[in-house]
1. Can you spot a residue in the stretch 74-85 that is in a helix (DSSP H, G or I) and under 30 Å from residue 21 (Cβ atoms)?
2. Does any residue of the stretch 3-20 turn out to be surrounded by 14 or more Cβ atoms within 10 Å (Cβ to Cβ) and either part of a helix (DSSP H, G or I) or modelled with pLDDT under 95 (or both)?
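The values are calculated or read from the model by the stated rules, or taken from the named source; none is laboratory data. As the structure is a prediction and not an experimental result, all values here were calculated from the model. Please note: Cβ atoms are built from the backbone with ideal geometry, for glycine as well, and neighbour counts cover all protein chains shown.
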């Protein structure tokens, strides 16, 4: 049996077109600006990083079977609330979520095409799904 390969140049050319279209959208430019603004705002990035550190510390504690104290939980909730009060962080999180959803849609579209052996219809794509086939543990509800 000989090895069969697909022509990836065709796919790469289409991906280049898709990404060019994405870069030209006004919505992309606005979301990119939100991310850049966050990245250049030292106070916001520090606040966000501290929250992520606390989040990981609490996850680690829980994974070790240790119980979180009421004070730890309240402190965590307050820090989370403070993230959304910060306009720069809130916009960053929004842009990050939008890009993540777009990435998931592209991945899901590709996966469904192979799964169905045809181009999927919009109704066959899960809203908010990750397109991974259900094995990623993302909570996408598959």
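1. Taking the stretch 74-85 first, the residues in a helix (DSSP H, G or I) are 74-85.
Those still in the list that are under 30 Å from residue 21 (Cβ atoms) too: none.
No, every residue in the stretch 74-85 fails to be in a helix (DSSP H, G or I) and under 30 Å from residue 21 (Cβ atoms).
2. Narrowing the stretch 3-20 to residues surrounded by 14 or more Cβ atoms within 10 Å (Cβ to Cβ): none.
There is no residue in the stretch 3-20 that is surrounded by 14 or more Cβ atoms within 10 Å (Cβ to Cβ) and either part of a helix (DSSP H, G or I) or modelled with pLDDT under 95 (or both).
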